[in-house]
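The values are calculated or read from the model by the stated rules, or taken from the named source; none is laboratory data. Computed from a prediction, not measured in an experiment: that's the story for all the values here. With ideal geometry, Cβ positions are generated from the backbone for all residues, glycine too; neighbour counts draw on all protein chains shown. For accessibility, only protein heavy atoms count, side chains too; no ligands or nucleic acids. Shrake-Rupley method; radii C 1.70, N 1.55, O 1.52, S 1.80 Å.
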Amino acid sequence: AQKVTQAQTEISVVEKEDVTLDCVYETRDTTYYLFWYKQPPSGELVFLIRRNSFDEQNEISGRYSWNFQKSTSSFNFTITASQVVDSAVYFCALSSRLYNNNDMRFGAGTRLTVKP
Amino acid sequence: DSGVTQTPKHLITATGQRVTLRCSPRSGDLSVYWYQQSLDQGLQFLIQYYNGEERAKGNILERFSAQQFPDLHSELNLSSLELGDSALYFCASSQRTGDYGYTFGSGTRLTVV
């Protein structure tokens, strides 16, 4: 079965703090893809990053960084020096070849509030 | 603008009614996915179409149906609506498979009163 767990339901930080959003996944497949999406208050889902299961290199994009660890089945997302505009719900998602990438499973989401 | 167009943006209807949600995928994308986002259920996969054919089914109720037309736009039909069907319905598209992720539309917010 495929499953994504985001244990943190809500996180609140003060601007300029660093924050890490956790994501743990389960899959039987050896080829899979992990994603993070952002859902700001306006409601749309914005693609942030894609990582395939063979690429464990961490990635940094500006204030955003992602730590993929297959050993712990985790794909965590860190925002450095958070800003009010980072306030949103963040979703981690998983799709795998086993399911022909037809069914992207989302975690329950983490609501991040950044206070000024 | 993501390139995926969903209409209408908002819909208010009464219980027992039927509504149709429409989605135009991003240019060049052959796969269309429908997701339901409700407060207590999160983002739930409903159904996928690829080039006009149903490819995968998720937690879609029998009262719901979908189709993808030759021009690749898709419609999600919701009938005998109940209060619990109130949710944000997203359409997403991808080229073929979801290897590179999906591009989501801005959603249709359905309120059943």
In nm, to one decimal, how far is the modelled label at B:I60 from the one at B:Q44, with both set 7 Å along Cα→Cβ?
-> 1.4 nm
Mean accessible surface per residue for the protein assembly as shown, computed with a 1.4 Å probe while every protein chain stays in place, in Å² = 48 Å²
Set of the stretch B:37-81 residues, backbone N closer than 16 Å to the point 7 Å along the Cα-Cβ line of B:S27 = B:72-73
Report in % the part of the accessible area of the protein assembly as shown that belongs to carbon and sulfur, leaving out ligands and nucleic acids; probe 1.4 Å.
-> 47 percent
Find the eigenvalues of the gyration tensor of the Cα atoms of the stretch A:6-51, then list the square roots of 5 times those eigenvalues as equivalent ellipsoid semi-axes, largest first, in whole angstrom.
-> 24, 15, 10
Between A:T80 and A:D29, the two model label points (7 Å from Cα along the beta-carbon direction) sit apart by a distance in nm of 3.2 nm
Under the Cβ-under-4.7 Å rule, which cysteines of the protein assembly as shown stay unpaired?
-> none
Over chain B, one equal point on each Cα, no solvent: what is log10 I(q)/I(0) by the Debye formula at q = 0.21 Å⁻¹?
-> -1.12
Report, in cubic angstrom per residue, the convex hull volume of the C-alpha atoms of chain A.
-> 93 Å³
Among DSSP beta bridges whose residues both lie in chain A, state the antiparallel percentage, nearest 5.
-> 90 percent
Relative contact order (%) - criterion: Cα under 8 Å, at least six apart; region: the stretch A:1-91 = 34 percent
In nm, to one decimal, how far is the B:T111 label point from the A:K3 one, both placed 7 Å along Cα→Cβ?
-> 3.6 nm
More than 22 Å apart - percent of Cα-Cα pairs taken over the protein assembly as shown | 52 percent
